[in-house]
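Below: one structure, written as structure tokens.
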Amino acid sequence: MSLPHSNLQGLKGQNRIRLLGIAFSAFFAAITIQLGQLTLLHHAAPANPELADHEPRQPRPDIVDRNNVIMATDISVSSLYADPRKIIDVDEAVELLTANIPDLDAKSLREKLTQPGRAFVWLKRQVGPDERDAIYNLGIPGVGFVEERKRVYPLGRLAAHTVGYVDVDTKGIAGVEKFLDDQGALYTASLNEPETHSTAPAQLAMDIRVQQAVTDEVAKAVVKFKAKSGGGIIMNVETGEILALASLPDFNPNAEDKHLTSDQQNKLTSGVYELGSVIKAVTFAMALDYGTANLNSHFSTGAPLQIGKFRIHDLHTHAEQSMEEVFTNSSNIGTAKMALAVGLDNHMEFLRRVGLLDRLVTEVPESAKPLLPRHWSKLASATAAFGHGFAVQPLQGLSVIADMINGGIAVPPTFLKRSKEEAQALAHQIVKPETSATMRYLFRANVQKGTGEFADVIGYRVGGKTGTAEKVVHGRYVKDKVLSSFIGAFPMDHPRYAILVMLDEPQAAPETHGFTTAGWNAVPTASNIIARVAPMLGVEPQFSAEDLAKLAKQAKTAKKEG
Amino acid sequence: MVKLANAFLVVSVLIAAFFLYSLEHKTRGLERDIAKAEKSIIDEREKIKLLGAEWASLTRPDRIQKLAEEQLKLQTLTAQQIVPLAEIGAKVPQTPPLKLEAQNADEIGKMLESLQ
């Protein structure tokens, strides 16, 4: 035992310990610094691609109307599934399940549960909460629930054509729902709020109160005139927003099996119709815009117009009519002459300019292409002038006429809410403002003393044009099957809203004195709609001296009868 | 001296370990609370959605119209009944046309009184 030796050893050991100590301190210091950096300095967590994959899927946006009333939303429901491999007693399971869910079929259920080698089979999608609790309490092994999203439409049939619907896997099938899935992908993405994993609702231009008024009045008219179908639209002429669109018969988007017939489709966008005399308004705007006719022009309409083998007739013959009279009497001869004065090429060019030759595309994907005359001849031009031989979507007809009276500015119609500024960015002038002013005068005159007389809702300055188009059956025009329509706007001194009412094959009712022309069915319907919706839309009533005289007269007769 | 230092270190390690453990325990508890709160937020959101859908369904205009037609005697508003703000003074009658209290027919007023 020698002390120096052990001292030396101790010294050696102390050195080693020191070295170790330094190494440890360095190590811990490194950890501390790293820890400090991570926790104190980098507050934002670095983006982790692995985590991003597990983020919940962005939910499907709700659809709301312009006043935030929910039109379509997702609710959570449970779907019942089974794992056949895990089921111990199939007979017991079948018995218990069919006892608790009456609409399950025992035979097919047994088949499902005895499939060998399958690990997953749906038993019933979208089970109600009561049934779910009951099955939970049974505790059958191998049977479970998956939370699923179900799309519901709280408003039911109301506005079903616009909103559309989804299939059982919540994929859009029709209407705006389909738009959200395909062309509108960018739009849908813009609604996402990644911070909260939520989605802002898609806001429609629709006002459900207006929609209800339109649907209700059109439905009443369809019953009253025993029409095959009917439709109504209200559109804002400044922004192109469609506030209401009703096509009857409609359907219930909440029904599981819809089995839509062709009658139930949206006729206002997916069907094309010869709108008849309503289209005369376009011809008038054309003649005014090219300067080939003005309010002082007169047309001799005494004799039928002969073009080749064909003759164009009027319903009521007048020897000579001013431009205003041609409009208010809805003279085919006068209108055809006006189109011929403009010329074939100019007529075609004008139709292209206002957009009647192209398919109108909106957010609602069901849209039809216009049907145009195959050969653009003198006869085709003359008949197209009063709406024969070319068919368009009713919505397209309304949109074009709205453009003629809103100052001559083309605004593409939309089902989504749009501000005035957004509309202005999309708009462009298609006819001169003076043309538009004359058109407004003609529309108002037609309601004051022409075919649209029954549309005059006193105070709201309604203007409009009627159309009664004979329908083509087997390539021939049939007299007793007509499509009657009314396109108008109010208030006519500064139009804000355009309206379309369409009735397919209306029959004469007692109060129409045997007539099936639009003036007796579509026009009164439009009048009822305007009386209901104008106050909702904030259209301020104004009365002219004539209106007041008319009101006084009405009050007098009412007093006498009362 | 070394012994004292070692003892001090051992004690501080124990204290640190205990502190760390309790901190972790607390953190776990808080995490559980957060998860619970998040779940209940989701549940509440679901409930709000369900109630929103129910509200929209119950207040849908066709249903309200039907109820109003059955229960109330209302007519469509005509343009003549709308009075601009400037003319409202001229349209207010001097004496109210109906004095409900006088006729002892103010049922809503009675209901309100009974509530108070």
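The values are calculated or read from the model by the stated rules, or taken from the named source; none is laboratory data. Quick caveat: nothing in here was measured; it's all calculated off a predicted structure. Virtual Cβ from ideal backbone geometry, glycine too; neighbours counted across all protein chains shown.
Total residues in the stretch A:442-483 satisfying the condition of being part of a strand (DSSP E or B), surrounded by fewer than 24 Cβ atoms within 10 Å (Cβ to Cβ) and among the charged types (D, E, K, R): the figure is 6. Reported count of residues in the stretch A:525-544, each being part of a helix (DSSP H, G or I), out of contact with any Leu (no Cβ under 6 Å at 6 or more places or on another chain) and either within 14 Å of chain B (Cβ to nearest Cβ) or among the polar types (S, T, N, Q) (or both), is 10.
Could you list all residues from the stretch A:204-233 that are in a strand (DSSP E or B), away from chain B (no Cβ under 14 Å) and under 14 Å from the mean Cα position of the chain (by Cα)? Correct list: A:G231, A:G232, A:I233. Across the stretch A:222-264, the number of residues qualifying as without any contact (Cβ under 8 Å) to a residue 40 or more places away in the chain and β-branched (V, I, T) comes to 2. With respect to A:Y497, determine if the residue is under 21 Å from A:Y441 (Cα atoms) and not polar (S, T, N, Q). It is true that A:Y497 is under 21 Å from A:Y441 (Cα atoms) and not polar (S, T, N, Q). Within the stretch A:234-258, the set of residues being aliphatic (A, V, I, L, M) and not in a strand (DSSP E or B) comprises A:V237, A:A255. The residues in the stretch A:170-202 that are at pLDDT below 85 and out of contact with any strand residue (DSSP E or B) (no Cβ under 9 Å at 6 or more places or on another chain) can be counted, and the count is 9. Checking each residue in the stretch A:498-539 for being of a type in the set (D, E, K, R) and modelled with pLDDT of 90 or more picks out A:D504, A:E505, A:R532. Does the stretch A:267-274 contain at least one residue that is within 30 Å of A:P59 (Cβ to Cβ), in a helix (DSSP H, G or I) and out of contact with any Leu (no Cβ under 9 Å at 6 or more places or on another chain)? Within the stretch A:267-274 (the criterion being within 30 Å of A:P59 (Cβ to Cβ), in a helix (DSSP H, G or I) and out of contact with any Leu (no Cβ under 9 Å at 6 or more places or on another chain)), the answer is yes, since at least one residue qualifies.
Of the set (1) free of Cβ contacts under 8 Å to residues at least 12 places away in the same chain; (2) closer than 21 Å to A:V392 by Cβ, all apply to A:I499 but (1). Are there any pairs with C-beta distances below 6 angstrom linking a residue in the stretch A:430-455 that is over 16 Å from A:I279 (Cα atoms) and at pLDDT 90 or above to a residue that is basic (K, R) and assigned to a helix (DSSP H, G or I), with the two at least 6 apart or on different chains, and if so which? Sorted first by the residue in the stretch A:430-455, then by its partner, the pairs are A:I430/A:R353. Residues that are of a type in the set (A, V, I, L, M) and either assigned to a helix (DSSP H, G or I) or within 10 Å of another protein chain (Cβ to nearest Cβ) (or both) within the stretch B:84-99 comprise B:L85, B:A86, B:I88, B:A90, listed in sequence order.
If the condition is being over 36 Å from the mean Cα position of the chain (by Cα) and either within 19 Å of A:E470 (Cβ to Cβ) or surrounded by 21 or more Cβ atoms within 10 Å (Cβ to Cβ) (or both), then the stretch A:324-356 contributes A:I333, A:G334, A:K337. Counting the residues of the stretch A:100-110 that are more than 44 Å from the chain's Cα centre (by Cα) and at pLDDT below 85 gives 0.
Among the residues of the stretch A:313-329, not one is in contact with a Phe, Trp or Tyr (Cβ under 8 Å, 6 or more places away or on another chain) and assigned to a loop (DSSP other than H, G, I, E, B). Name the single residue, out of those in the stretch B:15-52 being away from chain A (no Cβ under 14 Å) and of a type in the set (D, E), that is farthest from the chain's Cα centre (by Cα). Looking at the filtered set, the residue picked out is B:E24.
Taking the criterion of being of a type in the set (S, T, N, Q) and under 30 Å from A:E540 (Cα atoms), the residues of the stretch B:28-86 that qualify are B:T59, B:Q65, B:Q71, B:Q75, B:T76, B:T78, B:Q80, B:Q81. For the stretch B:40-74, a tally of residues being in contact with a Ser or Thr (Cβ under 7 Å, 6 or more places away or on another chain) and either touching a residue at least 24 places away in the same chain (Cβ under 8 Å) or not basic (K, R) (or both) returns 3. Taking every residue in the stretch B:104-116 that is assigned to a helix (DSSP H, G or I) and pairing it with any residue that is modelled with pLDDT under 80, at least 6 positions away or on another chain, the pairs with Cβ-Cβ distances below 7 Å are B:G109/B:L100; B:G109/B:E101. Filtering A:R110, A:R85, A:R118 for residues that are surrounded by 12 or more Cβ atoms within 10 Å (Cβ to Cβ), out of contact with any helix residue (DSSP H, G or I) (no Cβ under 6 Å at 6 or more places or on another chain) and touching a residue at least 12 places away in the same chain (Cβ under 8 Å) leaves a single hit, A:R85. Hey, does the stretch A:492-499 have a residue that's within 12 Å of A:A534 (Cβ to Cβ), β-branched (V, I, T) and part of a strand (DSSP E or B)? Checked against the condition, which is being within 12 Å of A:A534 (Cβ to Cβ), β-branched (V, I, T) and part of a strand (DSSP E or B), the stretch A:492-499 yields at least one hit. In the set A:V272, A:V282, A:V278, which member is surrounded by 14 or more Cβ atoms within 10 Å (Cβ to Cβ), in contact with a Lys or Arg (Cβ under 6 Å, 6 or more places away or on another chain), outside the structural domain of A:H161 (by TED's automatic domain parsing) and at negative phi? Selected residue: A:V278, the only one of A:V272, A:V282, A:V278 that is surrounded by 14 or more Cβ atoms within 10 Å (Cβ to Cβ), in contact with a Lys or Arg (Cβ under 6 Å, 6 or more places away or on another chain), outside the structural domain of A:H161 (by TED's automatic domain parsing) and at negative phi.
For the residues A:T269, A:T301, the requirement of being among the β-branched types (V, I, T) and either out of contact with any strand residue (DSSP E or B) (no Cβ under 7 Å at 6 or more places or on another chain) or under 26 Å from A:D403 (Cβ atoms) (or both) singles out A:T269. Could you run through the stretch A:136-156 and say how many residues are surrounded by fewer than 20 Cβ atoms within 10 Å (Cβ to Cβ), within 14 Å of chain B (Cβ to nearest Cβ) and over 18 Å from A:R125 (Cβ atoms)? Within the stretch A:136-156, residues that are surrounded by fewer than 20 Cβ atoms within 10 Å (Cβ to Cβ), within 14 Å of chain B (Cβ to nearest Cβ) and over 18 Å from A:R125 (Cβ atoms) number 1. For the stretch A:56-74, the candidate set comprises residues that are more than 9 Å from chain B (Cβ to nearest Cβ) and under 19 Å from A:E147 (Cβ atoms); within that set, the residue that is modelled with the lowest pLDDT is A:P56.
The set of residues from the stretch B:66-83 being within 11 Å of chain A (Cβ to nearest Cβ) and not in a loop (DSSP other than H, G, I, E, B) comprises B:K66, B:E69, B:A79, B:Q80, B:Q81. Scanning the stretch A:545-562 for residues that are closer than 18 Å to B:P84 by Cα and away from chain B (no Cβ under 12 Å) gives a single hit, A:A545. Taking the stretch A:372-400 as the range and being within 30 Å of A:Q306 (Cβ to Cβ) and part of a helix (DSSP H, G or I) as the test, the residues that pass are A:K378, A:L379, A:A380, A:S381, A:A382, A:T383, A:A384, A:A385, A:G397, A:V400. One residue alone among A:K178, A:K267 is out of contact with any Cys (no Cβ under 9 Å at 6 or more places or on another chain), more than 14 Å from every other protein chain (Cβ to nearest Cβ), in contact (Cβ under 8 Å) with a residue 60 or more places away in the chain and surrounded by fewer than 24 Cβ atoms within 10 Å (Cβ to Cβ), and that residue is A:K178.
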